[in-house]
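A short worksheet on the structure shown next.
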Amino acid sequence: MTKFSFTEKKDTRSGFGVGLLELGKQNPNVVGLCADLTGSLKMDAFKKEFPERFFQIGIAEANMIGMAAGMTIGGKIPFTGTFANFSTGRVYDQIRQSVAYSNKNVKICASHAGLTLGEDGATHQILEDIGMMKMLPGMTVIVPCDYNQTKAATIALGQHQGPAYLRFGRPSWPVFMAPDRPFTIGKADKLIEGKDVSIFACGHLVWNAIEAEAILAEKGISAEIINIHTIKPLDVEAILTSVEKTRCVVTCEEHQMNGGLGDSVAQVLARFNPRPIEMVAVNDSFGESGTPAQLLKKYGLGPENIVAAAEKVLKRKN
């Protein structure tokens, strides 16, 4: 498999903005709603191009979700935008009752997720949202890894029928996925072939996993890197195929250990092929203020932590 590198960094929220604009040009039923954070969500271009299809709701996130649900009845495809904390924690009741329970075709698009929100601190660094959203029946949950994949995921959601949660972030991050790389909701993306340990990652930690693979290779350890961009529906076949070969697993995510990608993968292993697993994630803690790099290091989400988890799980392998 091709090794990955990057020549530029872009924030994944900008990938959402570009994807939404392109989707708007493709489908006149696509509408945008934002809760007073148009610039932060990079929805400006869509607003400028389609002012009649953009709705600035203000700091009223619950109303935004209710309006979006109502718009689907008339055939519209609403994409709502605000910070991940406000997209989920603040409006969970509205999402559960008006969107998920009613199976409305609403796309809940959430920026500034995880620790890499940085200096805004613990109150805004939601680390529970993947778990909250994946537990809702019928909810699709997508966590793309870079600018190009976020753009592709946004466009793909325009063709997807049903409620969905799209999670992305604030910081500039390596752009390493080819702009024309296919994106299929629910299908994992194998990035690097390996035979000793399977590393499943999502979001920003996919790049950290790629960096960890290079370190492991120098140590003579062959790691398979798989980007699980869709947390739900989970690509069970891809997970089991990889684990059948490697017989041990590391999961990596910018989220609580409880309820995230690691939990989902562990359930698959427990049900179909029990194997040792280590999880690189935030361990039952809130975040704090700091730069993204400082926080990833302090909370154990760096490449060196993935390397340590791989070495640990290899010792447990049968």
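Annotation: the residues Ser87, Ser172, Ser98, Ser14, sorted from fewest to most other C-beta atoms within 10 Å of their own C-beta, follow the order Ser172, Ser14, Ser98, Ser87. Between the amide H of Val141 and those of Tyr165, Ile231, Lys232, distances stay under 5 Å, these residues lying 5 or more places away or on another chain, with hydrogens modeled in the peptide plane. In the chain, a dipole from Cβ-located charges (positive for Lys and Arg, negative for Asp and Glu) runs towards its positive end, and of Thr12, Thr184, Ile59 it is Thr184 whose Cα lies farthest in that direction. What relative contact order, as a whole-number percentage, does the range 9-174 give when Cα pairs under 8 Å and 6 or more residues apart are counted? The normalised contact order for the range 9-174 reaches 31 percent.
Projecting the Cα atoms of Gly260, Ser222, Pro292 onto the charge dipole of the range 210-318, computed from C-beta unit charges around the Cα centre, puts Ser222 farthest toward the positive end. Quick check on the range 189-316: take the gyration tensor over C-alpha atoms, sort the square-rooted eigenvalues as a ≥ b ≥ c, and tell me if it's rounded (a/c under 1.5), prolate or oblate. Verdict is oblate for the range 189-316. How many percent of DSSP beta bridges within the range 9-174 run antiparallel, rounded to 5? Just about 15 percent of them are antiparallel. Please go through the residue pairs Lys245/Lys312; Lys190/Lys317; Lys42/Lys107; Lys9/Lys151 and name each one whose alpha carbons sit more than 20 Å apart in this structure. Correct reply: Lys190/Lys317. Could you compute the FRET efficiency for Arg316 and Glu237, with r as their C-beta to C-beta distance and R0 at 30 Å, rounded to 0.05? That pair, Arg316 with Glu237, gives E of 0.80. Just the number, please: percent antiparallel of the DSSP beta bridges in the chain, rounded to the nearest 5. Expressed as a percentage, antiparallel bridges in the chain total about 20. How would the range 9-174 be classified by its alpha-carbon gyration tensor: rounded, prolate or oblate, with rounded meaning a/c under 1.5 and the a/b versus b/c comparison settling the rest? Cα axes put the range 9-174 in the rounded bin. Shown for the chain are the DSSP H helices of 18 Å or more along their axis, judged by Cα atoms, with a mean Kyte-Doolittle hydropathy of at least -1.0: 12-26, 61-73, 205-218, 303-316.
When both bridge partners sit in the range 177-318, DSSP labels roughly 20% of those beta bridges antiparallel.
Placing dummy labels 7 Å off each Cα toward the beta-carbon, the span from Ala270 to Asn29 is 3.9 nm.
The length gained by stretching the chain between Ile73 and Ser40 to full extension, at 0.36 nm per residue less their Cα-Cα distance, is 9.0 nm. Shown for Arg13, Arg316: other C-beta atoms within 10 Å of each C-beta, ranked fewest to most, produce the order Arg316, Arg13.
Each Lys and Arg adds +1 at its Cβ and each Asp and Glu adds -1 at its Cβ; summed about the Cα centre, the chain shows a dipole of about 540 debye.
In loop segments of the range 110-178 as defined by DSSP, there are no trypsin sites (Lys or Arg not before Pro) with at most 16 further C-beta atoms inside 10 Å of their C-beta. Each Cα pair under 8 Å and six or more residues apart adds its sequence gap; the mean of these over the residue count of the chain is a relative contact order of 18 percent.
Here, each number is a calculation from the coordinates, and none is a lab measurement. Computed from a prediction, not measured in an experiment: that's the story for all the values here. Cβ sites come from the backbone with ideal geometry, for glycine too, and all protein chains shown count toward neighbours.
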